[in-house]
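Visitor: Starting off with a structure, shown below.
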Amino acid sequence: VLVLAVPRLLVLESLRKNSVGFPGRDAVIKSQRRLTFPESAFRDGAYLFKVSWGRVRRRISISGQADLDSLGQVIIGAFDFTYDHLYRFAYRNRFGVLVRINHPELEEPPLTTDVRVGDLPLRPGGAMTYLYDFGDRWEFDVQLERIDPVEPCLDQARIVEVHGEAPVQYPWVDDGDE
């Protein structure tokens, strides 16, 4: 739940000091003068993401029950990268604030192992960024295309479309050096 502080209103302060009352006055005064906005509720289903790096893209289907760590691993595998660097997902919430969801080793919550795909507040057409390898800064656009009904057989994420050749993760490494 997102909590926003509301500044004191002079009228309420005046009511507290005086004996003048109105229905519900005590409840208003006792409240912490906070407005709460519910965050998105969990939505289960089969999430179809279009993951792009320039003109190269992959479509990935993954369960809403899967955590973002699993999605990150699938993205890296879909682009034939080695899974050996830190990463983070980032998106803008409905207030325009940048929200970052971090690799567990960063120890800066929220962590990708704690956030499920279905917890994301994205709607079809919404996007987030997947930044992999903070040194080389591989930045992927991850756009939610649709949420299909739950597929009982979707226990593993699937790469459903491949378009373009994956970039070479370490272009400066000669194949003979490995």
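Visitor: About the Cα centre, and with charges only on the beta carbon of Lys, Arg (+1) and Asp, Glu (-1), how big is the dipole of the range 67-151? Nearest 20 debye, please.
Guide: 520
Visitor: Taking +1 at the Cβ of each Lys and Arg and -1 at the Cβ of each Asp and Glu, which of Y91, V51, Q156 sits farthest along the dipole of the range 46-178 towards its positive end, judged by Cα position relative to the Cα centre?
Guide: Y91
Visitor: I would also like to ask the following. Using 1/(1 + (r/R0)^6) with R0 = 41 angstrom and r between the beta carbons of E165 and R92, what's the FRET efficiency to the nearest 0.05?
Guide: 0.85
Visitor: Loop-only chymotrypsin sites (Phe, Trp or Tyr not before Pro) in the range 107-152, please: DSSP not H, G, I, E or B, and at most 13 other Cβ atoms within 10 Å.
Guide: Within the range 107-152, the qualifying chymotrypsin sites (Phe, Trp or Tyr not before Pro) (loop, at most 13 other Cβ atoms within 10 Å) are F134.
Visitor: Compute the FRET efficiency between D84 and D114 as 1/(1 + (r/R0)^6), taking r as their Cβ-Cβ distance and R0 = 22 Å, and round to the nearest 0.05.
Guide: According to the calculation, E is roughly 0.50.
Visitor: I would also like to ask the following. How many angstrom lie between the Cα centre of the range 59-84 and the Cα centre of the range 113-135?
Guide: Cα centres, the range 59-84 to the range 113-135: 11 Å.
Visitor: Determine the order of H103, H163 by accessible area, beginning with the largest, at a probe radius of 1.4 Å.
Guide: Greatest to least solvent exposure: H163, H103.
Visitor: Let me ask another. Quick one: Karplus J couplings for the range 84-89, per residue in order, coefficients 6.51, -1.76, 1.60, θ = phi - 60°, nearest Hz, x for Gly and Pro?
Guide: The phi angles translate into 9, 9, 6, 7, 7, 9 Hz.
Visitor: Going by amide H atoms built from the backbone, whose H comes under 5 Å of the H on R146, apart from near neighbours?
Guide: The answer is L48.
Visitor: A follow-up question, please. Using modelled backbone amide H atoms (1.01 Å from N, in-plane), which distant-in-sequence or interchain residues come within less than 5 Å of L111's amide H?
Guide: Amide H neighbours of L111, under 5 Å, 5+ apart: N102.
Visitor: Evaluate the charge dipole of the range 101-172 about its Cα centre and quote only its size in Debye, nearest 20, assuming +1 on the Cβ of each Lys and Arg and -1 on the Cβ of each Asp and Glu.
Guide: In total the dipole reaches around 220 debye.
The values are calculated or read from the model by the stated rules, or taken from the named source; none is laboratory data. Note that the structure is a prediction, hence the values are computed from the model and not measured. Heads up, the Cβs are rebuilt from the backbone with ideal geometry, glycines too, and the neighbour counts pull from every protein chain shown. Accessible surface areas use protein heavy atoms only, side chains included; no ligands, DNA or RNA. Shrake-Rupley method; radii C 1.70, N 1.55, O 1.52, S 1.80 Å.
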